[in-house]
Amino acid sequence: MAIILNEKIRIGVSACNAGARVRWNRAGWDRIAALEREMTGFIWTPVCPEVMSGFGVPREPVRLSGGNGSDLWAGAARMKNRSGRDLTENIRAGCRECLQALERAEVEAFVFMEGSPSCGVYRTTLKNRRLGNPPGVFGALLLEEDLFLIPALDLESPIKWWDWRRRLHAFCWLKRLEIDSKERMYSAWHHLKFLCQEVDRPESQRIGAWLAGLPKRLSQQTAGEWKSATLRLLRKPSTFRRITAVMQKHYAHYRKHFNLEADGIEAPAAELSKYKFVEQLLAMEKRAVNEGYDFEGAPVLFREKR
Ligand code: SF4
């Protein structure tokens, strides 16, 4: 049976990607709108660390000098605006306030703006340009939290979003799950291992071998170690090539057992347009929920309670 989450996941988002024109030059994008109907399956909390720091809109752009956001928290780097004004203490205060707002909102994930000296988290490449010197000041705080982090630009790619969403659902389900016995841990691993293998086979094999060699009694520490390792793995993105290969395998299996062809579901092939490709994946998910079988490609799905 597919695992179904009914409770909406709460997600924080860099406000300039949630329709607020809060960038230094009054720019902003409504990237979460790209999710269309799916957007309502989440509860969003937009925050802007630079606005909360009192920088205002419009403002001079800021930059980090002497290192990245982690270095700033360690006292080795500073944030300055174009005129050279030191804004380090302001950005510290703004970031702390945003983090407190996210804690009050009980978010489990955050959609961050790539390349920003404040919100950036990982190094990203856009149009062959390497962006920023991550993490940014707020990004460094986000990395210390137990959050699922999603780059904002990936919301606009149907396949990348599908990949983030299925891992986000699996991540939140596992994070909320109480592991009080070995049976529970093995059963959870059984549900997630195919997805984990897809994103990182060597690490999944390491976890599988480690599980096989555990002593009879499960300690809280062991359960915690397994959970952390699996949550870390679920944060890693897959690739289009791997998604295609695994989904074709799933498709062949389900077609044999559940006659997918009769429902007009096609094999997710690389030649399909990206939209059509995702349409087939969603049709397979829907079929799994309706028929009550496991869909290993997306082991945890969200369905709103009506
Ligand atoms: S990237 Fe972050 S700090 Fe910059 S405008 Fe967007 S939300 Fe504000």
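Quick notes on this structure:
- Residues that are buried (at least 19 other Cβ atoms within 10 Å of the Cβ) and away from the ligand (no atom under 16 Å from the Cβ) within the range 31-50 comprise just one, Phe42.
- Single residue of the range 6-22 satisfying the filter (buried (at least 21 other Cβ atoms within 10 Å of the Cβ) and within 13 Å of the ligand (Cβ to nearest atom)) that is farthest from Arg165 (Cα to Cα): Val22
- Of the residues making up the range 250-306, those that are acidic (Asp, Glu) and in contact (Cβ under 8 Å) with a residue 12 or more places away in the chain are Asp263, Glu266, Glu285, Glu291, Asp294, Glu296, Glu304.
- The condition (being in contact (Cβ under 8 Å) with a residue 12 or more places away in the chain and under 20 Å from Met1 (Cα atoms)) is satisfied by just one residue among Arg166, Arg176: Arg166.
- Those residues of the range 220-235 which are surrounded by fewer than 14 Cβ atoms within 10 Å (Cβ to Cβ) and among the aromatic types (Phe, Trp, Tyr), in sequence order: none
- Members of the range 174-206 found to be open to solvent by less than 40 Å² (accessible area, probe 1.4 Å) and not in a loop (DSSP other than H, G, I, E, B), listed by number: Leu174, Lys182, Met185, Ala188, Trp189, Leu192, Leu195, Cys196, Glu198, Val199, Ser204
- Failed item in (1) over 28 Å from Met39 (Cβ atoms); (2) among the small types (Gly, Ala, Ser); (3) modelled with pLDDT under 95; (4) surrounded by 13 or more Cβ atoms within 10 Å (Cβ to Cβ), with Ser238 passing the rest: (1)
- Selection from the range 230-257 of residues that are assigned to a helix (DSSP H, G or I) and among the hydroxyl-bearing types (Ser, Thr, Tyr): Thr230, Thr244, Tyr251, Tyr254
- Taking first residues from the range 26-53 that are within 17 Å of Cys98 (Cβ to Cβ) and without any contact (Cβ under 8 Å) to a residue 24 or more places away in the chain and partners that are within 11 Å of the ligand (Cβ to nearest atom) and among the hydrophobic types (A, V, I, L, M, F, W, C), the Cβ contacts under 7 Å between residues at least 6 apart in sequence or on separate chains come to Gly28/Cys16; Gly28/Ala20; Gly28/Val22.
- Test: residue in the range 270-278 that is in contact with a Leu (Cβ under 9 Å, 6 or more places away or on another chain), open to solvent by 40 Å² or more (accessible area, probe 1.4 Å) and either of a type outside the set (S, T, N, Q) or closer than 15 Å to Arg242 by Cα (or both): no
- Wholly within the range 51-166, helices (runs of 4 or more DSSP H) carrying at least 3 residues that are away from the ligand (no atom under 13 Å from the Cβ) and open to solvent by less than 60 Å² (accessible area, probe 1.4 Å): 69-73, 88-104
- All conditions in (1) touching a Lys or Arg at 6+ places or on another chain (Cβ under 9 Å); (2) among the small types (Gly, Ala, Ser); (3) assigned to a strand (DSSP E or B) hold for Gly12, with the sole exception of (1).
- Within the range 275-306, the set of residues being of a type in the set (Val, Ile, Thr) and part of a helix (DSSP H, G or I) comprises Val278, Val289.
- Looking only at the range 249-265, and only at residues there that are open to solvent by 20 Å² or more (accessible area, probe 1.4 Å) and either among the hydrophobic types (A, V, I, L, M, F, W, C) or modelled with pLDDT of 90 or more (or both), the one that is farthest from the chain's Cα centre (by Cα): Ala262
- Flag if Leu214 is surrounded by fewer than 18 Cβ atoms within 10 Å (Cβ to Cβ) and in contact with a Ser or Thr (Cβ under 8 Å, 6 or more places away or on another chain): yes
The values are calculated or read from the model by the stated rules, or taken from the named source; none is laboratory data. As the structure is a computational prediction, the values presented were derived from the model and not from experiment. Because the Cβ atoms are built from the backbone with ideal geometry, glycine has one as well, and the counts that use them run over all protein chains shown. Keep in mind that these areas ignore ligands, DNA and RNA; they rest on the heavy atoms of the full protein, side chains included. Shrake-Rupley method; radii C 1.70, N 1.55, O 1.52, S 1.80 Å.
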